[in-house]
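Structure first, then comments.
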Amino acid sequence: MPTDSPSTDDGSSAFSEFLADYYIECDEHLATARRSILAIEPQLQQSSIDRSLLDELFRSFHSLKGLSAMVGFNEAEELAHQLENFLSAVRKGHVRLEVPGLETLVSGIGTLEQVIAARRDGEAVPDPSALVSSVSLLLADYAENSNTTAPTASASHSPVSLGEKEKVIAEKLRAGAKAWQVTFEPSPELVSRGIDVNFVRNKLLTLGELVHSEPLIDVAGHIVFAFVLVSNDERAPHKLQAEGLVCEAFLPRTATEILQATAVAPAAGDSESSTHLTPPNLVRVDLSRLDDLMRIVGELVLSRARLEDSFRRLNGVMPGGEMRMLQETNSAIERQLRDLREGVMRVRMVSVREVFARMRFVVRDLVRELGTQATLRFSGEDTQIDKYVVERIMDPLLHLVRNAVSHGLEPSDERIAAGKSAVGHIDLRARTTGETVIIEVEDDGRGIDAEAVLAQARARGLVAPQPAKVSDPILDVLCLPGFSTREQADRASGRGVGMDVVRTVVEEMGGMFSMETKQGQGTRFLIQLPLTLAITDALIVQVADQRFAVPQVAVREVLHSDSDRLTLMEKNELLHYHGGVIPLFRLAELFGVDGAKNDSFYTLVIGEGAQAVGLVVDRVLGLREVVVRPLTDRLVKVPGVAGATELGDGKVVLILDVSKLFRVTRQQVNSANPIVTSLAGGTSSLISQNVGAK
Amino acid sequence: MPSESSGVTPFILFELAGTTYAVETQVVQQMEMVEHITPVPNAPAFVDGVVFVRGQAVPVVNLRARFGFPRIVSDAKTRLMVVAYEGRTVGLLVDSAREFITLPAEAVKPPPEAVTGLSGKYLAGIATVGDRVVLVLEVHEVLNFQDLLSPTSVN
């Protein structure tokens, strides 16, 4: 017997793997459900709703029910079952889908997600009973003259899924036979009475045809055996129950589909998708395996950089012909390596569509809660982003969208008074330019009042109560930890993610976070991210004898300038740029690197609009593909440095985090500290920031 | 800190400003010659910079600076002792390092109360090897930099 204690270990690890799959599949079905419901919503006013959408939604619930039953998550199973029931009634035309029904489905999906997430995270499962009863209410009229089985009779054991065999069973059912699912849970007591698996199997064979047998592992890690028996013997269940077996009527899914298909026009692909949860030409890969692959590609890139270095030294030593051949091979490898890198990157890419769809749900909920009117518009949903980035950017985006609805947009009356449309608009855009992904969240609301923000920050003691500095970028104030307008007053922006977290996440991924706002016209938040995190294109610059890498994402333009083109204003150096001026910061000074001030230098223009600044370096050595290595130890985790790389000679080159560098600089300037005072003073204040953030 | 109460513990001996120190072999990942150290701006004063060790960017702690001795120019004897400790990997720059010894646990005595100076708290104990006095390093304290948070202890 396989139920002895040694087997339970295996059983539970197999089960936890099974559970992991369960969560992934639930995620997919929930995503499909969200997509369907959003597509259905605009059709409510029409005379009929697209049948295939209803079918898709129905299948999602059906699968969620089946999957949840299989792992014994009764709350999820029951909830999905109720939603499926309701939808089934809608599909058959017994119930008309109207606004209350749709709202119930929407909150049903939300609750289902919460229930499943709570089980996964080991938290208290929220009570779905309110939702269950609201569904039954919707079905109340219909239930009176319906003869469907009572929904609350949830099976003690999960129905098995048989795939192709179900068709066989369906055939036999049509021929007048009956099918039962028989479940046998071995126990020492039954075994002592001589009832074991073989006994049960033989017993079943005497009663009819044994179509299927399958060992299952239940939640507690016990093995149970499920059999499907097809028989013409009406009394078979009684005979089996007498032996202590659990016996339930078995209705194959395909049979359900067939029964429903007789009532309404058949929908294509019905039977296929109910048994195959993943389309057959897709492979599911653990992200960490792709990380490994990317790391190996990174090492290849480095090796090639070393090769290139060697070639450079061979130049002039080798005969020209030989050298040319080597060079050709070298550039072929470079091209191939780039292709390989892009190939691996493409595998990691997913579209932002799912993320955007989620935002629509958030907006729906918020709009209902706050009573504002808002429409969410998308563009670029097909933009592909690294899976890791997508996952990390979810919470920041949620915050920005929530923020736009709850703070950005004005109430309708205010909007009308200002000559705007009553309904506010939030635009969510994604696009790729070169190696950069740009995500924008823009609202056409009231804009951000800089004075009000400053006043609030002062009231909370986050900003020194000195006279307001107009130049103080308002985004810096918004991103101060602990600052969040009206945060306590409404839970809408909730989940504890503030603007500071948005910026931190973006910058940790080597991106830039910026904002534009116009009083009365709206606010636009801009997130720029590198397409991939492990390898990035960077400008290699030199200051005195030190080289640094500046991610290309951050650099708008490189200018060659002379000292006589500068304007001096107190201690600030200003450079003429596109009809205006930008303040200059010398990297040598920011980093305390010794070196003479050159009359001729290069300026990297960083940031946009009023927030643009120039970073002064001695030389620009070129654009290189660099492999990003993190600087993890707290001894060297300093603001303004994002990581380390090497260019083929084994020496560490620091990768700059320019936006953070400028912010720290600005804070120091604002707090009236010289940029680099004694190293000790600067160091300890920076370190305490780091430690505080841990 | 000696980990076994019975038996012997292997140590690596290294020199710093004319004194011999010992560190448990167990925490030392490898020894390296030092070529180029990239300075890290705004890092603590005793951190000379970073180097790559097995593809990983590792901070270099100048042990002379850490203990308050004057810095010296690196030469052929200078070694980077890469220690892996509590999930961190840090290089310690020392004047030289050559010998392995084993010490019975009871040979390591607690440092005398009267030992003062900056390096006092970095000691796990003191051992006598033949006629030499060897200071056993407390790696945890060396890598810790909580003391930096009080500005007086820097410089």
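Can you figure out the FRET efficiency of residue A:542 with residue B:102, using R₀ = 45 Å and their beta-carbon distance, to the nearest 0.05?
That gives a FRET efficiency of 0.40.
In nm, give the distance between the simple-model label positions of residue A:125 and residue A:171, each being 7 Å from the Cα along the Cα-to-Cβ direction.
3.9
Residue by residue through B:28-39, how many Cβ atoms from other chains fall within 10 Å of the Cβ on average?
That average works out to 2.
As an exercise, identify the GluC sites (Glu not before Pro) in region A:557-593 lying in DSSP coil whose Cβ has no more than 15 other Cβ atoms within 10 Å.
A:570
Any idea what Rg and Dmax come out to for region A:296-446 if you just take the C-alpha atoms, in Å?
In Å, with Rg to one decimal and Dmax whole: 24.7, 80.
Taking a quarter of the surface of the convex hull around the Cα atoms of region A:352-530, what do you get in nm²?
10.3
Give the accessible surface of region A:352-530 per residue, rounded to a whole number of Å², with probe radius 1.4 Å and ligands, DNA and RNA excluded.
That works out to 43 Å² per residue.
Using only protein heavy atoms and a 1.4 angstrom probe, determine the accessible area buried between B and A, summed over both sides, in Å² to the nearest 100.
Its buried surface, counting both partners, is about 2500 Å².
Return the FRET efficiency for the residue pair residue A:572, residue A:137: r is the Cβ-Cβ distance, R0 is 56 Å, and the value is rounded to the nearest 0.05.
0.25
Debye calculation, C-alpha points only, no solvent: report log10 I(q)/I(0) for region A:9-147 at q = 0.09, 0.10, 0.12, 0.13 Å⁻¹, in the same order as the q values.
-0.27, -0.34, -0.47, -0.55
Quick check on region B:8-143: what does the Kirkwood estimate of hydrodynamic radius come out to from the alpha carbon pairs, in Å?
Computed over region B:8-143, the radius equals 15.3 Å.
Within 10 Å of each Cβ in peptide B:58-68, how many partner chain Cβ atoms are there on average? Round it to a whole number, please.
That average works out to 2.
Just the number: Rg to Rh for region A:558-653, Cα atoms, Kirkwood Rh, two decimals.
Here Rg/Rh amounts to 1.01.
With unit charges on the beta carbons (Lys and Arg positive, Asp and Glu negative) and the dipole taken about the Cα centre of region B:8-143, which residue among B:130, B:110, B:47 sits farthest to the positive side?
It is B:47, whose Cα lies furthest towards the positive end.
Averaged across A:647-658, how many Cβ atoms of other chains sit within 10 Å of each residue's Cβ atom?
3
The values are calculated or read from the model by the stated rules, or taken from the named source; none is laboratory data. These numbers were taken from a predicted model, which means no experiment stands behind them. Every residue, glycine among them, receives a Cβ derived from its backbone with ideal geometry; neighbour counts consider all protein chains shown. Accessible surface is based on the protein model in full, side chains and every heavy atom, while ligands, DNA and RNA are left aside. Shrake-Rupley method; radii C 1.70, N 1.55, O 1.52, S 1.80 Å.
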